[in-house]
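A.B. asks: Dumping the structure here so I can ask a few things about it.
The values are calculated or read from the model by the stated rules, or taken from the named source; none is laboratory data. Note that this is a predicted model, so its numbers are computed, not measured. Glycine gets a Cβ as well: all are built from the backbone with ideal geometry, and neighbour counts include every protein chain shown.
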């Protein structure tokens, strides 16, 4: 047998050679605990403990927030929360800006001043509108107008042709798209038997009242019974009446467009029962039920 073959059994014996660890009492030398272990068993135990420790550490890092403290690791939860909070703050700031703009424009309207644009127009940029070419079909234009009006103002659309396409002899009240003068809860409905020729729409003070159609202001005055009153003459012998306003924004002879602010809701006059708008609609000198043509709620 060669020298190398003699060395291999010797090393194998050393690996399996056992060592004993004894723990004794220092005073009485009484044996408390002892165990024996070989070199190879010690190596296996050390490797096993290392693997178990690594696996437990991996699980702790994977399923606990501890991973967020690892340098270079992206904090996905924190980033999502920051993004959500940032969007909420932006929304709150935009909402506050719009409310402040509304209040400022309302103050300017009451003081007969020009309103402020939400997005100022940059007049320094020279735009050439001659290069813009619109080739919308007639049907597409009608569809766009109906869809936009319905979504924005809840307008009533008749089954006939719009006034722009009908002759003056065939235009009726059903051919018009009425702008909602004030959105709210109707507290008193149209009842001609009780001499109530309109509807009462409950509102809050200082809410803007809009013109239901384009026309000319024929009356802008105050009466003891109904307070501040506006009467507007429209096309096709249609007349709209607005009563119990806290303030009037237009005067007699002023032209108005549909949707223009014309008054401020309130509770003026003896017949008032709280902040509301009494709205009447007359056609051919006859009162009609506004709820048939306008959606108030």
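A.B. asks: Taking the condition under 21 Å from residue 273 (Cα atoms), under 37 Å from the mean Cα position of the chain (by Cα) and assigned by TED's automatic domain parsing to the domain that holds residue 285, does residue 202 pass?
C.D. replies: Yes, satisfied.
A.B. asks: Where in region 184-232 are there strands (runs of 3 or more DSSP E), lying fully within it, with 2 or more residues that are closer than 20 Å to residue 283 by Cβ?
C.D. replies: 198-202, 215-223
A.B. asks: Looking only at region 256-290, which residues are assigned to a strand (DSSP E or B) and within 19 Å of residue 192 (Cα to Cα)?
C.D. replies: Step one: of region 256-290, the residues assigned to a strand (DSSP E or B) are 256, 261-266, 276-283, 286-288.
Of everything in region 256-290, those that are assigned to a strand (DSSP E or B) and within 19 Å of residue 192 (Cα to Cα) turn out to be 277, 278, 279, 280, 281, 282, 283, 286, 287, 288.
A.B. asks: Is it fair to say residue 45 is part of a helix (DSSP H, G or I), surrounded by 10 or more Cβ atoms within 10 Å (Cβ to Cβ), in contact with a strand residue (DSSP E or B) (Cβ under 9 Å, 6 or more places away or on another chain) and modelled with pLDDT of 80 or more?
C.D. replies: yes
A.B. asks: If you go through region 233-252 one residue at a time, how many are part of a loop (DSSP other than H, G, I, E, B) and closer than 20 Å to residue 297 by Cβ?
C.D. replies: Qualifying residue count for the region: 0.
A.B. asks: Scan (1) more than 30 Å from residue 171 (Cα to Cα); (2) modelled with pLDDT under 75; (3) in contact with a helix residue (DSSP H, G or I) (Cβ under 6 Å, 6 or more places away or on another chain) for the single condition residue 61 breaks and write down its number.
C.D. replies: Status for residue 61: all satisfied but (2).
A.B. asks: Continuing with this model, one more query. For residue 112, indicate whether it is more than 27 Å from residue 178 (Cβ to Cβ) and at pLDDT 80 or above. Break it down into steps so the answer makes sense when it comes.
C.D. replies: On the way: more than 27 Å from residue 178 (Cβ to Cβ): yes; at pLDDT 80 or above: no.
The answer is no for residue 112.
A.B. asks: Within region 263-270, does at least one residue satisfy the condition of being surrounded by fewer than 18 Cβ atoms within 10 Å (Cβ to Cβ), over 24 Å from residue 235 (Cα atoms) and in contact (Cβ under 8 Å) with a residue 60 or more places away in the chain?
C.D. replies: Within region 263-270, one or more residues are surrounded by fewer than 18 Cβ atoms within 10 Å (Cβ to Cβ), over 24 Å from residue 235 (Cα atoms) and in contact (Cβ under 8 Å) with a residue 60 or more places away in the chain.
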